Amino acid sequence: MQHGVLSAGGHPTIKMAAPRSWALWSLCGRGWSPVLPGCRLPWLRSCWPSGPLGARPLSQEKRATETHFGFETVSEEEKGGKVYQVFESVARKYDVMNDMMSLGIHRVWKDLLLLKMHPFPGTQLLDVAGGTGDIAFRFLNYVQAQHQRKQKRQLRAQQNLSWEEIAKKYQNQEDSLGGSRVMVCDINKEMLKMGKQKACARGYKAGLAWVLGDAEELPFDDDKFDVYTIAFGIRNVTHIDRALQEAHRVLKPGGRFLCLEFSQVNNPLVSRLYDVYSFQVIPVLGEVIAGDWKSYQYLVESIRQFPPQEEFKEMIEDAGFQKVTYENLTSGIVAIHSGFKL
Amino acid sequence: MATLLRRSLRPLRAFRGHPRPAADVPLRATSHGAGLLYPEHIPTSLVQKALLAAGSAGMALYDPYRHDMVAVLGETTGYRTLKVLRDQMRRDPEGAQILQERPRISLATLDLGKLRSLPEDSFGREYLRFLDVNRVSPDTRAPTRFVDDEELAYVIQRYREVHDMVHTLLGMPTNILGEIVVKWFEAVQTGLPMCILSALFGPIQLSAQSLQVLVSELIPWAVQNGRRAPCVLNLYYERRWEQPLRALREELGITEPPRRVEGLA
């Protein structure tokens, strides 16, 4: 039986007449780019009956290893690399473009996400695909404000500070965040670099950590975080179900999953305007401001490929979350999905 | 019960995101596969072209180092003019040959060693000197993307690649003043809207002294030469490397510049 071996580019290259040989298959597994999302059985996915042999019907296996990249069809292996390139290219102008494309409304969306989260001092947050740190910085501001308010309340209620707390205040050792921590995890080095620069520029130091990691295979232990957020990141993940499972794994029991993502518009008029704006204006903005048409074309196409609110809700429930709800913002252009690990 | 059912359906749902049919999104611009007239082509609608033209014009004024914006402006506004240019090239024997053979100017296609070995006042040697002195490379021209005709895309690509030759013919350096003079010449020669706009709005950033020199001496000289010379796109430069520059200038009717521009602007 002949087998077609896929190179990383997704084209059948070598055809072997030899019987299955483990050595060769492990070779093709190693030949792929290291950016691949957690590919547990690369040799299985690489070899299947080749097309040119004859009219072989597409097996379920073959269809499952192809996915979408915007409106293009690519192999799953390719997608990770292509998405990486997109974000590597847009990283420097990411924040400027966000403001231009959404006319600043993305800031309101992110603020609403924090309001929904309503974290209290002591919360451990994991922000996945958090790249340039928008959610992390808002979280730090929020818990700091909460902590200050709590202290003011304590003082007002005549609950004197303990001697330790007064001593700490004078020694500037007091934790202004009240024990809250945020871990920003992103698969893309450029985005993390931008985030770190922003943090330095704005003076965020305490309670902030930056980790390079893949949403489908998080480098954290089980039951670690109180809240998991992923803002405008999950639609770029190759295997969304795996990312959801990982989210479930790293959350503590009682932990909350929050996802802020573009979704389906429920109003037909708004939908029409939104489509015109997305496809006519946004790539032009990308070209003029960032010199990159294709990345922004991919971004608007990837929004159309993402499952609508109800379907995504079901996917979250599949991963084991309960009390899953969603809230539409701006007529459904964006939705916040929330679930709990109980 | 419902949860169990959902759990059992999980493997089928592993592959989400079936591509939505094209009918769902009527106004998207196809960027991949069918509809591409040449490798770098990005098909654009009229609205997109208009927005691109306006945006690139604004950005080019705001940040003069964005040469890619000038290029985009040229591509989105030049369709009709490119047709006229192409037809005019077809009528000229040398121009028709260029359209047929489609020569490209890049570091890969130029034989720099041979050019360097040419006599001092030959066109090829002077061109090389221009590249060295101004520290430019013929490889910095971005490929055409927004022209919706494959031959016209070549015409504008040729115009871009020939730009450095025009600098050599006119004896203009690559500082702002030199570029504006060349743009005036090209505006008269080609009639491309982008050249006209650059020629009119480029001088905005100049100092008063340079502006005075420009208006009183350089522009009249550029316009006169532009009118007198045949279209520079019709010259098969790759065959004229050995021709002495002086002879080439005489053939085209280009006179010496009225003053040296190197120290200005």
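Throughout, read-outs are computed from the coordinates displayed, never taken from laboratory work. Because the structure is a prediction, the values reported are computed rather than measured. Cβ placement follows ideal geometry from the backbone for every residue including glycine, while neighbour counts extend to all protein chains displayed.
Normalised by the number of residues in chain B, the average gap of Cα pairs under 8 Å and 6 or more apart makes the relative contact order 22 percent.
Bridgeable lysines around residue A:93 (alpha carbons under 24 Å apart, same-chain partners fewer than 8 residues away excluded): A:79, A:82, A:110, A:189, A:193, A:196, A:198, A:205, A:294, B:49. Residues whose amide H comes within less than 5 Å of that of residue A:263, counting only those at least five positions distant or on another chain, are A:334, A:335 (H built at 1.01 Å from N in the peptide plane). Shielding value for B:192-201 is 0, the average number of Cβ atoms from other chains within 10 Å of each residue's Cβ.
Averaged over its residues, how many other protein chain Cβ atoms are within 10 Å of peptide A:251-264's Cβ atoms?
That works out to 0 on average.
Could you list A:205, A:93, A:341, A:150 so that the one with the fewest beta carbons within 10 Å of its beta carbon is first and the one with the most is last? Fewest-to-most ranking of A:205, A:93, A:341, A:150: A:205, A:150, A:93, A:341. Spin-label model, residue B:227 to residue A:168: label points 7 Å out along the Cα-to-beta-carbon direction sit 8.4 nm apart.
Ordered by the count of other Cβ atoms within 10 Å of each Cβ, fewest first, A:271, A:263 give A:271, A:263.
Picking from B:136, B:188, B:70, which is most flexible by a Gaussian network model of chain B using Cα springs under 10 Å? Result: B:136 has the largest fluctuation of those listed.
Please identify the trypsin sites (Lys or Arg not before Pro) of the stretch B:72-169 that satisfy two criteria: DSSP loop assignment and at most 10 other Cβ atoms within 10 Å. Which are they? Intermediate results must be reported in sequence, preceding the final value.
Numbers: sites: B:80, B:83, B:86, B:90, B:91, B:104, B:114, B:116, B:125, B:129, B:135, B:141, B:145, B:158, B:160; in loops: B:104, B:135, B:141, B:145.
Answer by residue number: B:135.
Projecting label points 7 angstrom from Cα along Cα→Cβ for residue B:45 and residue B:112 puts them 4.6 nm apart. Counting 0.36 nm for each residue step from residue A:328 to residue A:149 and taking away their Cα separation leaves a gain of 61.4 nm. Panel order for A:246, A:165, A:72, by other beta carbons found within 10 Å of each beta carbon, from fewest to most: A:165, A:72, A:246. Per residue of peptide A:287-299, the mean number of Cβ atoms on other chains within 10 Å of the residue Cβ is 4.
A Förster radius of 22 Å, combined with the Cβ-Cβ distance separating residue A:66 from residue A:311, puts the computed FRET efficiency at roughly 0.65. Please work out the Cα center distance from the stretch A:238-264 to the stretch A:289-342, rounded to the nearest Å. The stretch A:238-264 and the stretch A:289-342 have Cα centres separated by 11 Å. Here's the list of aspartates and glutamates a cross-link from residue A:323 could span, going by alpha-carbon distance under 19 Å and ignoring same-chain residues fewer than 8 apart: A:223, A:226, A:241, A:246, A:261, A:310, A:311, A:314. The distance from the alpha carbon centre of the stretch B:196-223 to that of the stretch A:93-149 is 50 Å, rounded to a whole number. Extending 7 Å from Cα along the Cβ direction at residue B:80 and again at residue B:136 yields two label points whose distance is 2.9 nm. What does the C-alpha gyration tensor say about the overall shape of the stretch B:47-145? Classify as rounded when a/c is under 1.5, otherwise prolate if a/b is larger than b/c, or oblate. Judged from the Cα gyration tensor, the stretch B:47-145 comes out oblate (a/c at least 1.5, b/c at or above a/b). Among the DSSP helices (H) of chain B, those spanning at least 15 angstrom by Cα along their long axis with an average Kyte-Doolittle hydropathy of 0.0 or more are B:46-62, B:67-77, B:176-190; this is a geometric and hydropathy rule only. Mind running the shape call on the stretch B:82-239? Use the C-alpha gyration tensor, a ≥ b ≥ c as the square roots of the eigenvalues: rounded below 1.5 for a/c, prolate if a/b tops b/c, oblate otherwise. Here the stretch B:82-239 falls in the oblate category.
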